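Colleague: Pasting a structure here, questions to come.
The values are calculated or read from the model by the stated rules, or taken from the named source; none is laboratory data. Not measured: the values here are computed from a predicted model. Glycine also receives a Cβ, built like all others from the backbone with ideal geometry; neighbour counts cover every protein chain displayed. What goes into the accessible areas is simple: the full protein's heavy atoms, side chains included, and nothing from ligands, DNA or RNA. Shrake-Rupley method; radii C 1.70, N 1.55, O 1.52, S 1.80 Å.
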Amino acid sequence: MATIDVEEVRRLSDLHPKPALIRFQYGTAGFRTLGNTLDSVLFRVGIIAGLRSKKLDGKTIGVMVTASHNPEPDNGVKLVDPRGEMLESSWETHATTFSNAATTEDFLFVLDAFVKTAKIDLSKPARVVYARDTRPSGPALVSAFEDGLKAIGAEGRDAGVTTTPILHYLVRSINTKGTKDAYGEDSEQGYFAKLSEAFKKLVAGRATPPPLVIDCANGVGAPAAAKLSGLVKENLLLVLENTSTTTPGALNNSCGADYVKTAQKLPPSLASKLNAGQRGCSLDGDADRLMYFYIDEGGKFHMLDGDKIAALVAAFIVELVKTAGLEGQLNIGVVQTAYANGASTKYLAERLPVKCVPTGVKHLHHAAEHYDIGVYFEANGHGTVLFSPTSQDKLTTYEPSTPAQSTALTHLINLMQLINQTVGDALSDMLLVEVVLAHKSYSGVEWDSLYADLPNRLVKVVVADRTIFKTQDAERQLVSPPGLQKKIDEIVQRYDGGRSFVRPSGTEDVVRVYAESIFRPQADELAFRIAGLVYDETGGDPAQRPKEFM
Ligand code: G16
């Protein structure tokens, strides 16, 4: 059995020393912090990606270098398992352990122990495909990562600068190539061809809608949306805004999906770009989240978030399944998190089974796999639809008995091609929304009127140490710091239809506070009160004490 080339690992590891005093953590979406502290993490991720591939008999593992919605100085990295899904959670712990070994010698010790306990056959091949977003810190981090691949003898395929969902697509396509589960051609071109062809079939014969304005967050979604635009222009005109991928500091700055969701406002840069009633949408920095919006005749901003996307899409799929004659034969369900607006949960639960899980696509994805067709969306616009192997078999072998059944069935089959089932994908989701709007002849107004959102507010609180915050019940209850949940409950009960919860972010050094109520001023006040309580009880940066934000 082959062994680790200890001298080579030592030599390369010495080039990527771990900074003292920083404790890294594989969080909600991998490692994420200031880009200039991540060099050693990237080197070690290269090694762990190689080991993961060896452990899985040479299957290709994905690695994405991105900090998604975070500001530009941040960066991050996450691993993608062979079917394009997030890394198995036990390996998240191993990745954290690797990243925190203080010295090269400590790292060699941890590495050797892990190879033995995980019984990794080092003679197996290792294959890794990787990509990065447009952040300036990306190239140096990729270079550190490549040293990690070299140290473990893994074969790397550089997918260049691309979106997170495209990287997930590539992983699955590479691993299923030539099998009955082949997912698509393993190239960016193959991805765009798959999506655009399915989209064209789904909207054939429908009226061309007014142009859709896309806020690309000045990130990697800009070049990707430009490629897509050229392929779908006969059916859908895309107007790309915030495409400055090389302007320092522009990424996610007062634009993008996270800005829209948190500020509940139109990005200022779009103020003169959107006519009344016209649809607009925002991507985030790596194009895995999507928020829609429109401005009404009175100039009021209306946000169509992940919950509204889930409602639109789930209702459409239920209708198609029924029309196809498959009602009762496919079990359809929706997965949300505690951030889902109470009104959306009510709307969906009246029609379908709805499950609530902790934040993080990995949790939603796994829960959605329990349905034949699982629709999952986080309120922040991150989500997709999964068709289980059973439903795929059923849909492809079912024999419709009427022309209407046949048409609905064809639409469902094309939807399976259009939807990126590996992970939330802003561009795929955008085409999906456009398909439903075209089929239903909905503008943003009709879509928005499916249900009325309960007024809500999301606030970030900078505290001294967010690791003291521990939750239970799908993050709806705090168990630590002790006694804080009781105080939250006491405040919440004073508000009509009040609901609030507090949880530590897994991607930013903050604690998040969510609040909703049946009246706008109360939702804002509740969020502010709870944020103030969290700050006062746990200590925080005085300059960052939550201020009134109405
Ligand atoms: C990531 C995850 C999402 C999560 C978000 C915020 O999104 O993929 O599932 O909702 O972080 O997580 P947290 O509240 O723990 O910071 P992205 O788009 O930043 O990769």
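Colleague: Do we find a residue being within 16 Å of the ligand (Cβ to nearest atom) and in contact with a helix residue (DSSP H, G or I) (Cβ under 6 Å, 6 or more places away or on another chain) anywhere in the stretch 384-402?
Modeller: Yes, because at least one residue in the stretch 384-402 is within 16 Å of the ligand (Cβ to nearest atom) and in contact with a helix residue (DSSP H, G or I) (Cβ under 6 Å, 6 or more places away or on another chain).
Colleague: To continue, here is another question. Name the single residue that is farthest from GLY27 (Cα to Cα) among those in the stretch 511-528 being in contact with a helix residue (DSSP H, G or I) (Cβ under 7 Å, 6 or more places away or on another chain) and of a type in the set (Val, Ile, Thr).
Modeller: Here the answer is VAL513.
Colleague: Continuing with this model, one more query. Is it fair to say LEU454 is at negative phi, in a loop (DSSP other than H, G, I, E, B), surrounded by fewer than 24 Cβ atoms within 10 Å (Cβ to Cβ) and at pLDDT 95 or above?
Modeller: Criteria met by LEU454.
Colleague: Considering only the stretch 101-209, give the helices (runs of 4 or more DSSP H) lying wholly within it that have at least 3 residues that are charged (D, E, K, R). Steps first, answer last, please.
Modeller: Numbers: elements: 104-117, 138-152, 164-176, 188-203.
Hits in the stretch 101-209: 104-117, 138-152, 188-203.
Colleague: Something else now. Find the residue count for the stretch 469-509, including only residues that are basic (Lys, Arg), open to solvent by 30 Å² or more (accessible area, probe 1.4 Å) and either within 16 Å of the ligand (Cβ to nearest atom) or in contact (Cβ under 8 Å) with a residue 12 or more places away in the chain (or both).
Modeller: Residues meeting the conditions: 4.
Colleague: Take the stretch 232-266 and flag every residue that is in contact with a Gly (Cβ under 8 Å, 6 or more places away or on another chain) and of a type in the set (D, E, K, R).
Modeller: Once the filter is applied, which keeps residues that are in contact with a Gly (Cβ under 8 Å, 6 or more places away or on another chain) and of a type in the set (D, E, K, R), the stretch 232-266 yields only LYS261.
Colleague: Identify the residue in the stretch 321-338 that is within 16 Å of HIS365 (Cβ to Cβ) and not β-branched (Val, Ile, Thr) and, among all such residues, is surrounded by the most Cβ atoms within 10 Å (Cβ to Cβ).
Modeller: Among residues in the stretch 321-338 that are within 16 Å of HIS365 (Cβ to Cβ) and not β-branched (Val, Ile, Thr), the one surrounded by the most Cβ atoms within 10 Å (Cβ to Cβ) is GLN336.
Colleague: Among the residues of the stretch 289-336, what is the count of those that are closer than 14 Å to SER391 by Cα and among the aliphatic types (A, V, I, L, M)?
Modeller: Result for the stretch 289-336: 8.
This table checks each residue for (1) more than 25 Å from the chain's Cα centre (by Cα); (2) within 24 Å of PRO82 (Cα to Cα).
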position: ASP186; (1), (2): no, yes
position: GLY219; (1), (2): no, no
position: PRO223; (1), (2): no, no
position: ASN235; (1), (2): yes, no
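Colleague: In addition: Step by step: first the residues of the stretch 278-289, then only those that are touching a strand residue (DSSP E or B) at 6+ places or on another chain (Cβ under 6 Å) and either within 16 Å of the ligand (Cβ to nearest atom) or modelled with pLDDT under 95 (or both), then the one that is nearest to LEU167 (Cα to Cα). Which residue is that?
Modeller: Only one residue fits best here, namely SER282.
Colleague: Look through LEU395, LEU364 and report the one residue that is touching a strand residue (DSSP E or B) at 6+ places or on another chain (Cβ under 6 Å), at pLDDT 95 or above and either open to solvent by less than 50 Å² (accessible area, probe 1.4 Å) or outside the structural domain of ARG289 (by TED's automatic domain parsing) (or both).
Modeller: LEU364
Residue by residue, here is whether (1) open to solvent by 50 Å² or more (accessible area, probe 1.4 Å); (2) touching a helix residue (DSSP H, G or I) at 6+ places or on another chain (Cβ under 6 Å) holds:
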residue	(1), (2)
SER89	yes, no
THR96	no, no
THR103	yes, no
PHE107	no, yes
LEU111	no, no
VAL115	no, no
LYS119	yes, no
PRO125	yes, no
ARG135	no, no
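Colleague: Would you confirm whether any residue within the stretch 510-520 is more than 16 Å from the ligand (Cβ to nearest atom), open to solvent by less than 80 Å² (accessible area, probe 1.4 Å) and aromatic (Phe, Trp, Tyr)? Break it down into steps so the answer makes sense when it comes.
Modeller: So the first thing to find is which residues in the stretch 510-520 are more than 16 Å from the ligand (Cβ to nearest atom), and the list is 516-520.
Applying the additional criterion that residues be open to solvent by less than 80 Å² (accessible area, probe 1.4 Å) yields 516-517.
Still in the list and also aromatic (Phe, Trp, Tyr): none.
Checked against the condition, which is being more than 16 Å from the ligand (Cβ to nearest atom), open to solvent by less than 80 Å² (accessible area, probe 1.4 Å) and aromatic (Phe, Trp, Tyr), the stretch 510-520 yields no hits at all.
Colleague: Considering only residues that are buried (at least 19 other Cβ atoms within 10 Å of the Cβ), outside any strand (DSSP E or B) and touching a Ser or Thr at 6+ places or on another chain (Cβ under 9 Å), which ones fall in the stretch 271-305?
Modeller: Those that are buried (at least 19 other Cβ atoms within 10 Å of the Cβ), outside any strand (DSSP E or B) and touching a Ser or Thr at 6+ places or on another chain (Cβ under 9 Å): ARG279, ASP284, GLY285, ASP286, ALA287, ASP288, ARG289, ASP305.
Colleague: Restricting to the stretch 236-262, give me the number of residues that are open to solvent by less than 40 Å² (accessible area, probe 1.4 Å), more than 16 Å from the ligand (Cβ to nearest atom) and more than 20 Å from ARG132 (Cα to Cα).
Modeller: Of the residues in the stretch 236-262, 3 are open to solvent by less than 40 Å² (accessible area, probe 1.4 Å), more than 16 Å from the ligand (Cβ to nearest atom) and more than 20 Å from ARG132 (Cα to Cα).
Colleague: Need the failing condition index for THR97 against (1) within 24 Å of the chain's Cα centre (by Cα); (2) under 14 Å from ARG44 (Cα atoms), just the number.
Modeller: Condition (1) is where THR97 drops out.
Colleague: Additional query: Hey, does the stretch 291-300 have a residue that's within 16 Å of the ligand (Cβ to nearest atom) and under 18 Å from PRO455 (Cβ atoms)?
Modeller: Going through the stretch 291-300, the residues within 16 Å of the ligand (Cβ to nearest atom) turn out to be 291.
Okay, now just the ones that are also under 18 Å from PRO455 (Cβ atoms), so 291.
Taking every residue of the stretch 291-300 in turn, at least one turns out to be within 16 Å of the ligand (Cβ to nearest atom) and under 18 Å from PRO455 (Cβ atoms).
Colleague: In the set ALA49, ALA20, which member is assigned to a helix (DSSP H, G or I), over 28 Å from ALA250 (Cα atoms) and among the small types (Gly, Ala, Ser)?
Modeller: ALA49
Colleague: Could you please find all residues in the stretch 348-367 being more than 13 Å from the ligand (Cβ to nearest atom) and either of a type in the set (A, V, I, L, M, F, W, C) or under 24 Å from ASP258 (Cβ atoms) (or both)?
Modeller: So the first thing to find is which residues in the stretch 348-367 are more than 13 Å from the ligand (Cβ to nearest atom), and the list is 348-356.
Listed by number, the residues that qualify are LEU348, ALA349, LEU352, VAL354, CYS356.
Colleague: From ALA49, ALA29, which residue is within 30 Å of THR246 (Cβ to Cβ), buried (at least 24 other Cβ atoms within 10 Å of the Cβ) and away from the ligand (no atom under 16 Å from the Cβ)?
Modeller: None of the others qualify; the one that does is ALA49.
Colleague: Now for a different question. Could you please let me know if TYR259 is modelled with pLDDT of 95 or more, of a type in the set (Phe, Trp, Tyr) and touching a Cys at 6+ places or on another chain (Cβ under 6 Å)?
Modeller: No; evaluated as a whole, the condition is false for this residue.
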